[in-house]
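Take a look at the structure set out below.
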Amino acid sequence: MDHKIVGKNTQRLDAVAKVTGRAMYTDDFFERDMLVGKVLRSPHAHARVTRIDASKAKALPGVVAVLTPADLPKIKFATAGHPWSLDPGHRDVEDRLILTDKARFVGDAIAAVVAEDLLTAEKALHLIEVEYEVLPHVLTAEDAMAEGAPLLHENRPGNIVSSFGVQFGDVEAEFQNADVIFEGDYETSIVQHCHIESMSAYAFVDSDGRVVVNSSTQIPHIVRRIVAQALGLSWGRVKVIKPYIGGGFGNKQDVVVEPLTAAMSLAAGGRPVRYCMTREEVFIDTRTRHGMKLHLKTALSREGKLQGIHMQVLSNTGAYASHGHSIAMSAGGKFRPLYDFRAIKYEPKTVYTNLPVAGAMRGYGTPQIFFALESHLDDIARKLEMDPIELRRKNLIKLGHQDPLTKNVVRSFGIPECIAKGKELIHWEEKKKVHQGQTGHLRRGLGMACFAYASGTHPVALELAGARIVMNQDGSVTLQVGATEIGQGSDTVFAQITAETLGLPVDMVHVVTTQDTDITPFDSGAYASRQTFVTGIAVRKAALEVRAKVLEVAARRTGLAPAEMDIRDRMIVETSLGRTVCSLGDVAMDSFYDRLLAAPITSDTSANVRINAMSYGATFVEVEVDIQTGRVEVTELWNIHDSGTIINPKLAEGQVHGGVSMSLGAALLEQMLFDSVTGKPLNPNLLDYKLPTVLDTPKINAAFVETFDAAGTFGSKSLGECPTISPAPAVRNAVMDATGVAFHKIPLYPQVVFEKFREAGLLAERSVQHV
Amino acid sequence: MFDICELCEPETLAEAKAIYAANPELKVIAGGTDVLIRMQHGSLAGAGLLSLRNIPHLDEIEMLADGTISVGAMAPFTRIFEHELIRKHVPVLGEASVSMGGPQVRNIATIGGNLCNGAVSADSASTLFALDALLKLETAEGERIIPMRDFYAGPGKVNLLPGELLVAILIPREGYEGMGGHYIKFAPRKAMDIATLGVAAVCKIRENRFVELRIGLGVAAPVPVRCFEAEDYAKGREVTWECVQEIARLALKPAKARSSWRASKDYREHLIEVLTQRAVAEAVKRGGGCCAD
Ligand SMILES: Cc1cc2nc3c(=O)[nH]c(=O)nc-3n(C[C@H](O)[C@H](O)[C@H](O)COP(=O)(O)OP(=O)(O)OC[C@H]3O[C@@H](n4cnc5c(N)ncnc54)[C@H](O)[C@@H]3O)c2cc1C
């Protein structure tokens, strides 16, 4: 299709504001008489608070309020950033209080102080006297499910949040009839988002008595609901404002600091209170990525045709459910529209433990599942002495495939081309030859891994998006969306969609980047890679409405029928002749000032999107492994995507760079560590938690196979989370190719790699080293 | 926000020494990249700070009349690795300096602070050990000059007297002249990281024989150490791959590696051997020798 703006590298709308430091983030706003809040955290992994005495803290000059559980409503609420469900059976688990009298992890919030300044607040924390009855605790899912394990939440026997799974076909029959059966265990570690901007909010009570919360969030409308629920307020009494945000990656698709911040302000008589977490607090008391243990059992024919798979997953969700079982469930559905199994049995268990709370993180469980599955496929290929790429190719589903459970239909399927492209770009065959017969302590190897993903959450959750367009006197338009720009570039993409539809240059589309729940159209926010796909549909719909209204006014002016005209580069043209009949500006002025017919051109609409589109892709990598030190270097990497039409290639590439680096961190370096006896976090800071720096990040190459998906705006599909799924298993597979050693757990941290190499007898080679 | 009760900012060294003598409880602050981190973590609450930042000339790098290279305690690492004298005469110290943190940290973190902080992982320490560096320490009463190994008293502890300041690091001519050197910092990340192990090797080679070899290890024991057995073994020997391997084995002698959640004793010891081989081999190459078998 011939587009003027879609498919072009439109510069990010916020590029200049961000690089010049003019973009305003939550912490850049100040209110008069602002106070600060700080939280007292439990030193125990599991303990009942038997007594709190805040009198000394309250007496400290500069302390305005001290909050304890007794001062707050006893309303249990759910924090996950999902649309509300009218069906009580589909709601998130309500297991949280703003402050708790039973600590369930080291760092659980017990009390809070509001003070004139930070130092006073910190001093006051030390003056709060708390007595605990320490309880036994559990750190692993296995321990949590064991007989007699201490219960975190009274109403969850066995500490199991849910063990709901899905299946189709007859897996047992497949195992009985299979030529070969493979089993494997895989494990991923607990990692964190590490967004640059901390978790931060401030709240106050405005002159109308409403609670105003300004927050660094991905989901302002959901924050409004949950703050109201947690505090027992009527929803309309809460207003949430979301300014620019410095990254979220799913951690801010959850309500973490806002209810407490609002409670702090209420306790301080409505004065503005800021609560901004330190980096250490972000590690301890926000959300993490679920560590998962997966057992895979797969039935195949002798020729390598996949027949049935039984996947058992233990998902460690920490002390509170947050997104809970949704993550294991959502992730378990993603490989079905990729590989063609006759039978699948997916058995996940989401389990409470006395660890920090796991929640949404880019990929929503899918990186864990694909780490296991794509490692497993390489293990199978090696045993069958098959080419791992051929094994995958042989088992791909076909275009038109309908998922038996979700009923989602595959309308575009670019994975075969992605695989072919990756193989060519990395020079797979040539490199394989060069790598043969390597000796010495540096060994190179090649690996690849595939993935599939969805665009939004249909049919599991509501996919509603709102858009409002107002045409200005000069023919420019102002666009408001409820979907949030969180750095991914969605505002720019919406401007492109609007500009393309209305025949405008992008600089005549003014996007209101701040969301304010009083003003902003309703939308559940930024997550599930839904923005371009779901909100894009609403934006396109609004732009088409505006276009129709423009052509009606033009028809009045010119006498031509609307259908005979088009808008091109700010002009109304008679389509068949290409003749300009009037300008868009003329139409806009008529709409405002025509003495008889004036009616400003606007559209205020929403889309309830009840369709989904599968995105695909693969990562191809070459690694170099230092056998002596256990260090793994990625020497070449290609991350290739079928995300339908790419609306903005530069922004798409940006998503790839960020997503790949996140996956490489999880593959090689990152893990949250806890003392196995006390449950205390060992590395809740950026020195000891090894987030890769730019020097640790290899050159990341992005490539796109553009398909056209009829479901998406201009043929587009999701991309935001996709790049973070396949790099980790590809690296793991490449290390196996280089060394013959199969790793079953990430990260491939140097010491762990060294130990495995020694176990495998590789280190005897040391004396062969040449200098 | 830091919990600080006072900040003294003397303009001369004499003034600083006088203030410090009068109030040895003050906490000296140079670049602050260790001090402020500690404060943020809640220690040193209510401390008074004595800043050395306004004292001129304390950051100078110069060659003294006898060929000693003097590095002012307040010299930040960026200045050290960019400095002409360091590049020309002690490139191994430049190598260690540039392995520190990231650009922002190197711009403000000082070499004096790195040593006085007493961390076994201090990237400049193992190299200065290998270079046989001396430390010039001053109080209001007078000055003393001590070798590096007399400075370290234990993990995080150094032998500074009450009211005493580190003024300069002295690298004598014999420490660096005609020496090839190499520093290997092994850490999970390539920047902004703490060394799992640091190995500095410097050597003088003549006719492919070790005239002298000095090895400093960081994070191999509670304090940085020299590998005297390995060094003695090397003296006079022909450079061969077997010889380098034996040196690396002997380098384990002074090591007292311990297991922590960061790395096991076993892994650290393995790294000492492997990385000493690599550091010595590279130092030999840079010193004009060759150890290919
Ligand atoms: C992000 C980051 C990364 C880092 N990376 C590294 C790294 O890679 N390698 C590494 O070794 N370190 C690293 N560090 C630690 C720190 O930067 C270094 O130890 C640095 O050299 C300390 O110097 P400073 O000038 O900042 O010292 P300060 O923090 O000002 O002082 C450190 C200590 O020395 C004392 N002191 C300072 N100067 C004198 C003096 N002249 N006389 C007497 N006492 C004195 C102080 O009282 C204090 O106890 C890092 C720190 C940060 C924050």
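A few notes on this one:
- Rotationally averaged projected area of the stretch B:211-293 (alpha carbon convex hull; nm²): 5.1
- Note on chain B: the alpha carbon radius of gyration divided by the globular reference 2.2 N^0.38 Å gives 1.01.
- Over the stretch B:179-286, Cα pairs under 8 Å with separation of 6+ residues give a relative contact order of 29 percent.
- In the stretch B:61-174, taking the dipole from charged Cβ atoms about the Cα centre, the farthest positive-side position among B:P76, B:A133, B:S99 is held by B:S99.
- For A:689-696, mean number of other protein chain Cβ atoms within 10 Å: 4
- Inverting the pair-averaged 1/r between distinct Cα atoms of the stretch B:4-51 gives 11.0 Å as its Kirkwood hydrodynamic radius.
- Net lengthening on full extension, A:T20/A:Y593 (0.36 nm per residue, minus Cα-Cα): 202.4 nm
- B:N107 paired with A:D474, simple spin-label distance in nm, labels 7 Å along Cα-to-beta-carbon: 3.8
- Sites A:K76 and B:D3, calculated FRET efficiency, Cβ-Cβ separation with R0 35 Å, nearest 0.05: 0.40
- C-alpha center-to-center spacing [the stretch A:75-133, the stretch A:262-312] in angstrom: 18
- Farthest toward positive dipole pole in the stretch B:179-286 [+1 Lys/Arg, -1 Asp/Glu at C-beta], among B:A191, B:M179, B:A201: B:A191
- In chain A, the DSSP-assigned H stretches of four residues or longer account for a calculated mean residue ellipticity at 222 nm of -8000 deg cm²/dmol, using -39500 (n - 2.57) per stretch and the full residue count as denominator.
- Shown in residue order for the stretch A:248-254 are the 3J(HN,Hα) couplings computed by the Karplus curve 6.51 cos²θ - 1.76 cosθ + 1.60 at θ = phi - 60°: x, 6, x, 4, 9, 9, 7 Hz (x for Gly and Pro).
- Chain B - charge dipole about Cα centre, Lys and Arg +1 at Cβ, Asp and Glu -1, debye rounded to 20: 900
- With only Cα atoms counted, the stretch A:660-771 has Rg and Dmax values of 18.8, 60 Å.
- Cα→Cβ-extended label distance, 7 Å offset, between A:V694 and B:L13, nm: 3.8
- Globularity index of the stretch B:1-105 is 1.24 (Cα radius of gyration / 2.2 N^0.38 Å, N = number of residues).
- Packing here is the average count of other Cβ atoms within 10 Å per residue, and on that basis the peptides B:143-155, A:518-530, highest first, run A:518-530, B:143-155.
- Equivalent-ellipsoid semi-axes for the stretch B:61-174 (Cα gyration tensor, √(5λ), whole Å, largest first): 20, 17, 13.
- When accessible surface is computed with a 1.4 Å probe, chains A and B are found to bury approximately 3100 Å² between them, both chains counted.
- Here's how it looks for B:V28: its modeled amide H is under 5 Å from those of B:L50, which are all 5 or more places away or on a different chain.
- Whole-number percent relative contact order across chain B, with pairs defined as alpha carbons under 8 Å at least 6 apart: 15
- Taking each of A:K252/B:K190; A:K38/A:K58; B:K185/B:K256; A:K18/A:K242; A:K334/A:K398 in turn, the alpha-carbon distance tops 22 angstrom for A:K252/B:K190.
- Remark: spin-label model distance B:M63-A:H90 equals 7.9 nm, labels positioned 7 Å along the Cα→Cβ axis.
- For the stretch B:256-293 versus the stretch B:212-244, the inter-centroid distance based on Cα atoms is 10 Å.
- Euclidean distance of C-alpha centroids, the stretch A:381-446 and the stretch A:488-508, integer Å: 36
- On the beta carbon distance between A:L442 and A:E142, with R0 = 35 Å, the FRET formula returns roughly 0.35.
- Estimated FRET transfer efficiency (A:N155, A:H295; beta-carbon r; R0 22 Å; 0.05): 0.20
- Sum of -39500 (n - 2.57) over DSSP H runs of 4+, divided by residues of chain B (222 nm, nearest 500): -9000 deg cm²/dmol
- As a ratio to 2.2 N^0.38 Å, the alpha-carbon radius of gyration for the stretch A:210-341 is 1.46.
- Positive dipole terminus of chain B, leading residue within B:S43, B:F210, B:I19 (C-beta point charges): B:F210
- The alpha carbons of the protein assembly as shown stretch over 99, 76, 71 Å along the principal axes, in descending order.
- Per-residue ³J(HN,Hα) for the stretch A:632-639, Karplus 6.51 cos²θ - 1.76 cosθ + 1.60, θ = phi - 60°, Hz, x for Gly and Pro: 10, 10, 8, 9, 7, 8, 10, 10
- Contact order relative to length of the stretch B:4-51, as percent, for alpha carbon pairs under 8 angstrom and 6 or more apart: 63
- Taken about its Cα centre, the stretch A:691-739 carries a charge dipole of roughly 60 debye when the Cβ of each Lys and Arg holds +1 and the Cβ of each Asp and Glu holds -1.
- Placing a label point 7 Å from the Cα of B:R237 along the Cα-to-Cβ direction, the residues of the stretch B:269-293 with a backbone N closer than 13 Å are B:277, B:280-281.
- Among the DSSP helices (H) of chain A, those spanning at least 27 angstrom by Cα along their long axis with an average Kyte-Doolittle hydropathy of -1.0 or more are A:536-558, A:649-668; this is a geometric and hydropathy rule only.
The values are calculated or read from the model by the stated rules, or taken from the named source; none is laboratory data. Note that the structure is a prediction, hence the values are computed from the model and not measured. All Cβ positions, glycine included, derive from the backbone under ideal geometry; neighbour counts span all protein chains shown. SASA here: full protein model, heavy atoms, side chains in, ligands and nucleic acids out. Shrake-Rupley method; radii C 1.70, N 1.55, O 1.52, S 1.80 Å.
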